[in-house]
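The values are calculated or read from the model by the stated rules, or taken from the named source; none is laboratory data. A quick note: this is a predicted structure, and the numbers were derived from the prediction, not measured. Note that each Cβ is placed from the backbone with ideal geometry, even for glycine, and that neighbours are counted across all protein chains shown.
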Amino acid sequence: MRTLSACCCAILWLGCSTLLANQFGGQGPTSAAAVAAAEKRLATFGGDALTTVPERTWKIVKADATKLLLKDIEQVDRKFRGTVQLQLPTFLNALNARELVEHWHSLSKESHALFASPNGQLLLPFGTGTRERPSASDYFRTLIKRIPEDQRPAAELLDYLSSPAADQDATFSRSDTGIYLSVLGKTSDEVESRLKAIVQLLDAALHQSTRRELLTGAQVSLAKAKAHLAEQQRLEADTKDLRERMGDAARIPPEVLPHLQAQQITLGIDIEGLEAELKACDQLLQEKQRTEQERDAARSRRVHSELELARERAKLARINAIVDEGHVQVSRRRELGDLSTKVSSAKSQVEAETRLVTTRANLIDFLAPLPAVDDAIRIAPIEWVTR
């Protein structure tokens, strides 16, 4: 009865293998679509989008005279002050700000220095980034180093911006909405050319070079996403192949196997007993002193034992087959579970890397050169005061 009960339990689980199989595997097309979308997103930054400095068209606005406190007698020959306001995107409480701070840490130290102006962080939310405060000339030299020679301002302007004179003349300030650049000069033309040079340095170094570095990181993430996608698709193919090999065979629950194995032992003992009984019957039939009645009883018992032995051997053969199949199924289910875990892991890696691509692509857009308010350079005569 125990043998029949165990066999029935195995058969009752016939449809469970399909249910189990449906729990495994990933959504390859979804991952593939994410990778394709990420690749398409990065393609928008091809060509000269990040390698050239966008040209600006400036309006020169003559402003009323401004009074400035004379702190150094050497400044007295500066007759004009020019200002430019660069408009910041609204980001201090936006997702882009958090993403920028997060990815700022992944940038090189050289890029970190680009954000640290003489008067505080540019673009980063207040209170974040490095606390370094370089002098104006040191900051300009940092910008110049990141720019190809063919994108740099004229040599005389580079000499001026790298000199101690720039520390007295050039100032940076920032509010929630804008970056304010100011520079002094002897003539209005000198002020205009210096401001244009400073904005050109910011566009080429702070913006374009940082965007190129982000693009390089995004391309690395895209390559990783493609590799993880290929691995995911390979694992999904292996999963499909394993399911096909499992087919529609009745699922044998693992908890049934110990009972079947116990019955293997019981049947083995019973078979040994029946074989011993047959041997005893044969020996009795060979003994001449036995009566005919005893011989008939031995023959009858032998026939009964042979039938019982055949039945028990058949049971054992069937149980052996079920146990063997059960072990195979357990191994395959374990393999299927391992494949499912690996597919999920690969899919998660694809999602993580494509998310990085998207985030960095958003930051590349976010870090585009800042528009100047009204495209204007405002130049005003200076009235020096001593108090």
For residues in region 204-232 being over 20 Å from L367 (Cα atoms) and surrounded by fewer than 16 Cβ atoms within 10 Å (Cβ to Cβ), which is farthest from the chain's Cα centre (by Cα)?
A230
Within region 70-86, how many residues are modelled with pLDDT of 90 or more and either part of a strand (DSSP E or B) or loosely packed, with under 11 Cβ neighbours inside 10 Å (or both)?
8
Quick count over region 340-358, residues being of a type outside the set (G, A, S) and either free of Cβ contacts under 8 Å to residues at least 60 places away in the same chain or surrounded by 20 or more Cβ atoms within 10 Å (Cβ to Cβ) (or both), is 9
Out of R290, R311, R245, report the one residue that is outside any loop (DSSP other than H, G, I, E, B) and without any contact (Cβ under 8 Å) to a residue 60 or more places away in the chain.
R311
Just to be sure before I move on: is A33 exposed (fewer than 14 other Cβ atoms within 10 Å of the Cβ), part of a helix (DSSP H, G or I) and at pLDDT 80 or above in the structure I sent?
yes
Please note which helices (runs of 4 or more DSSP H) are completely contained in region 144-211 and include at least 3 residues that are in contact with a Pro (Cβ under 6 Å, 6 or more places away or on another chain) and not charged (D, E, K, R).
none
Residue check: is L201 touching a residue at least 60 places away in the same chain (Cβ under 8 Å), in contact with a helix residue (DSSP H, G or I) (Cβ under 6 Å, 6 or more places away or on another chain), farther than 19 Å from I60 by Cα and crowded, with 16+ Cβ neighbours inside 10 Å?
yes
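Yes/no matrix, rows are residues, columns are (1) polar (S, T, N, Q); (2) more than 30 Å from S31 (Cβ to Cβ); (3) in contact with a His (Cβ under 7 Å, 6 or more places away or on another chain); (4) touching a residue at least 60 places away in the same chain (Cβ under 8 Å):
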residue: L181; (1), (2), (3), (4): no, yes, no, yes
residue: L206; (1), (2), (3), (4): no, yes, no, yes
residue: R234; (1), (2), (3), (4): no, no, no, no
residue: R251; (1), (2), (3), (4): no, no, no, yes
residue: Q261; (1), (2), (3), (4): yes, yes, no, yes
residue: A280; (1), (2), (3), (4): no, yes, no, no
In contact (Cβ under 8 Å) with a residue 12 or more places away in the chain, under 41 Å from the mean Cα position of the chain (by Cα) and part of a helix (DSSP H, G or I) - does that describe any residue in region 315-322?
no
Filtering region 87-100 down to residues that are more than 16 Å from I364 (Cβ to Cβ) and either assigned to a helix (DSSP H, G or I) or at pLDDT 80 or above (or both) yields Q87, L88, R98
Residue check: is A368 part of a helix (DSSP H, G or I) and of a type outside the set (K, R)?
no
